[in-house]
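A quick write-up on the structure given underneath.
The values are calculated or read from the model by the stated rules, or taken from the named source; none is laboratory data. The model shown is predicted, which means the values in this text are computed figures rather than measured ones. When we count neighbours, we look across all protein chains shown, and the Cβ atoms used for this are built from the backbone with ideal geometry, even at glycine. In case anyone asks, the SASA skips ligands and DNA or RNA and just uses the protein heavy atoms, side chains included. Shrake-Rupley method; radii C 1.70, N 1.55, O 1.52, S 1.80 Å.
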Amino acid sequence: MNKRDKIVAARARLRERFEERMRATPSLSDSQPLGSGPANRHGMPRLPAGQSETRKWPVLDLGVQPTISQEEWRLELKGLCHNPGVLDWQALMAFDQVEEASDFHCVTTWSQMDLLFRGVRLLDVIASADIHQEATHIMCYGYDGYCTNLSLAEALKPDVLLTYQVNGEALSLEHGGPVRMITPQLYAWKGSKWIAAIEFLDEDQPGFWEKNGYSMTANPWREDRYS
Ligand SMILES: Nc1nc2c(c(=O)[nH]1)N[C@H]1C(S)=C(S)[C@@H](COP(=O)(O)O)O[C@H]1N2
Ligand SMILES: [Mo]
């Protein structure tokens with residue numbers, strides 16, 4: 001099998017393995033999600049409860065914006081996987097490239113609708129790492145020292161991307177370029193800007209904001225903001 005066929009097969013196995021857990025996540029199992037407006041492409045009300053639409057995409061971070069060039073950028077895959085390693089830009093480009101419009105919901109109540117993201121599905125990258133059976137969660141680390149946790153059932157959803165381009169332009173430094181993660185079905189703090197590493201874990205551990213009172217699960221359609 002060539003490399004691409006291997007990933008396609010690994011992706012199918014991974015999806016199957018997490019299918020039940022994925023179906024039990026709030027955005028797929030909640031029959032009366034809170035929000036307003038027509039349904040988004042996942043069947044959720046377009047604007048989650050307590051959010052308002054913003055016109056200009058705000059910038060929110062810890063105040064340190066690390067400058068990393070495309071050439072310098074690396075993503076380390078570590079923890080409970082059979083194929084740990086380090087991806088560079090070229091390795092990222094070797095995955096299937098996808099383009100998808102998604103909404104972006106910040107816990108501080110602004111929502112930026114309809115951003116067109118280009119990037120790689122995190123699902124494919126995780127499939128390539130060949131995670132251990134007991135892996136259930138990930139921790140994502142940014143070059144600014146940030147970290148945030150996510151269940152694999154959320155991380156493997158097809159709209160979770162490692163993205164480097166928005167609305168046809170390179171992702172800017174302030175929005176987390178050269179490469180960041182996005183989690184359109186969760187509050188946006190779950191998507192690390194300037195992503196540097198992903199660690200596979202067999203338990204849920206709190207990241208930076210989660211240690212400071214934010215929710216471990218972060219479901220916008222239940223205003224699951226704080227713990
Ligand atoms: N590395 C890193 N990622 C981060 C943050 C951060 O401080 N550092 N802030 C999070 C928060 S709280 C939000 S709302 C979004 C903001 O992304 P934006 O600045 O592109 O709007 O990034 C998330 N990812
Ligand atoms: Mo946020």
message: Under the rule of at least 5 residues apart or a separate chain, name every residue whose amide H is placed under 5 Å from the amide H of R74.
response: none
message: Please compute the length gained on full extension between D61 and A170, using 0.36 nm multiplied by the number of residues separating them and subtracting their Cα-Cα distance.
response: 37.4 nm
- prompt: What does the chain give for Rg and for Dmax, in Å, if only its C-alpha atoms count?
  reply: 16.5, 49
task: At 7 Å along the Cα-to-beta-carbon direction for both A91 and L28, put a label point, then send me their distance in nm to one decimal.
output: 2.8
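Report the extension gain between R17 and I68 in nm, rounded to one decimal, defined as 0.36 nm multiplied by the number of residues separating them, less their alpha carbon distance.
Numbers: separation 51, 0.36 × 51 = 18.36 nm, distance 3.53 nm.
Answer, rounded to one decimal: 14.8 nm.
Where only protein heavy atoms count, and the probe is 1.4 Å, what is the accessible area per residue for the range 9-148 in Å²? Spell out each step's value before the answer.
On the way: 7210 Å² over 140 residues.
On a per-residue basis, 52 Å².
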task: Give the carbon-plus-sulfur fraction of the accessible surface of the chain in %, rounded to a whole number; probe 1.4 Å, heavy atoms of protein chains only.
output: 49
- request: Apply the Karplus parameterisation 6.51 cos²θ - 1.76 cosθ + 1.60, with θ equal to phi minus 60°, to every residue of the range 178-189 and state each ³J(HN,Hα) to the nearest whole Hz, in sequence, with x for glycine and proline.
  value: x, 9, 10, 9, 10, 10, x, 9, 10, 4, 5, 5
field: Eligible lysines near K193 by straight Cα distance, threshold 21 Å, same-chain separation 8 or greater
entry: K56, K78, K157, K211
